[in-house]
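Report on one structure; see the data block that follows.
The values are calculated or read from the model by the stated rules, or taken from the named source; none is laboratory data. Please read all numbers here as calculations on a predicted model, not as lab measurements. As a convention, Cβ positions derive from the backbone with ideal geometry for all residues, glycine included, and neighbour counts pool all protein chains shown.
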Amino acid sequence: MTKLQQLYDEQGQSPWLDNLTRPYLRDGTLARLVHNGVRGVTANPTILARAIEGSDAYDDQFAALTAAGRSTPDAYWDLVLDDIAEALGVLRVTFDASAGTDGFVSIEVAPELVRDTEATIAAARRLHERIASAEPVRQDPGHRRRCAGHRGDDRGRAEHQHHADLFGGSL
């Protein structure tokens, strides 16, 4: 039993990786980490931008997307969503074994949305629809103080909201 598995079994803590990269997906690093006890993955625009800039694993897809007329922001989100979908596939066994309490990928909204509740909810819905699978996705709307408008019915309609910074509880 690994220390991460022990942390979960003995303390009920779900360790997450805060680093989603295509090389981790392609070389089996994420699969090994999940096998050893990682129970979810978080990402944010900075992590993802660094991953894209720091690896040639994205170059061909990005070039094809922009050559096909996708804007840079749209191409960025296409790259990100492909990685999220692949990570969710790796985490599916954790999701199933935990009856849906673990095995998620949490992604932070674009920084310009954190103070706009409606735009955050709309972004979460678009991400969920674009992944177009039965896999769970969580949209991180930031700290409660930045998005005080998340309450009531909006909470239930925003797809699987999650505090990546706190690793627990929904808004």
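Listed values, structure above:
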{"read-out": "Thr101 being closer than 30 Å to Asp9 by Cβ and in a loop (DSSP other than H, G, I, E, B)", "value": "yes"}
{"read-out": "Residue list for segment 1-22, filter: under 30 Å from Tyr76 (Cα atoms), not in a loop (DSSP other than H, G, I, E, B) and not hydrophobic (A, V, I, L, M, F, W, C)", "value": "Arg22"}
{"read-out": "Residue match in segment 60-71 (condition: touching a residue at least 24 places away in the same chain (Cβ under 8 Å), more than 12 Å from the chain's Cα centre (by Cα) and assigned to a helix (DSSP H, G or I))", "value": "no"}
{"read-out": "Condition check for Arg26: basic (Lys, Arg), in contact with a helix residue (DSSP H, G or I) (Cβ under 9 Å, 6 or more places away or on another chain) and either under 18 Å from Ala110 (Cα atoms) or crowded, with 18+ Cβ neighbours inside 10 Å (or both)", "value": "no"}
{"read-out": "Residue within segment 108-119 that is modelled with pLDDT of 85 or more and surrounded by 18 or more Cβ atoms within 10 Å (Cβ to Cβ) present", "value": "yes"}
{"read-out": "Check on Arg39, surrounded by fewer than 18 Cβ atoms within 10 Å (Cβ to Cβ) and either among the charged types (D, E, K, R) or on the phi > 0 side of the Ramachandran plot (or both)", "value": "no"}
{"read-out": "Filter result (in a helix (DSSP H, G or I), modelled with pLDDT under 95 and in contact with a helix residue (DSSP H, G or I) (Cβ under 7 Å, 6 or more places away or on another chain)) within segment 29-59", "value": "Pro45, Leu48, Ala51, Ile52"}
{"read-out": "Residue check, Thr21 loosely packed, with under 12 Cβ neighbours inside 10 Å, at pLDDT below 95, within 18 Å of the chain's Cα centre (by Cα) and under 25 Å from Pro111 (Cβ atoms)", "value": "no"}
{"read-out": "Long-range neighbours under 6 Å by Cβ, at least six apart or interchain, first residue within 18 Å of Glu53 (Cβ to Cβ) within segment 16-29, second among the charged types (D, E, K, R)", "value": "Leu20/Asp83; Arg22/Asp83; Leu25/Glu86"}
{"read-out": "Pairs where the first residue, in segment 86-109, is under 27 Å from Ala57 (Cβ atoms) and the second is assigned to a strand (DSSP E or B) and among the aliphatic types (A, V, I, L, M), C-beta under 6 Å, 6+ apart", "value": "Ala87/Val41; Ala87/Val105; Leu88/Val105; Val105/Val41; Ile107/Ala43"}
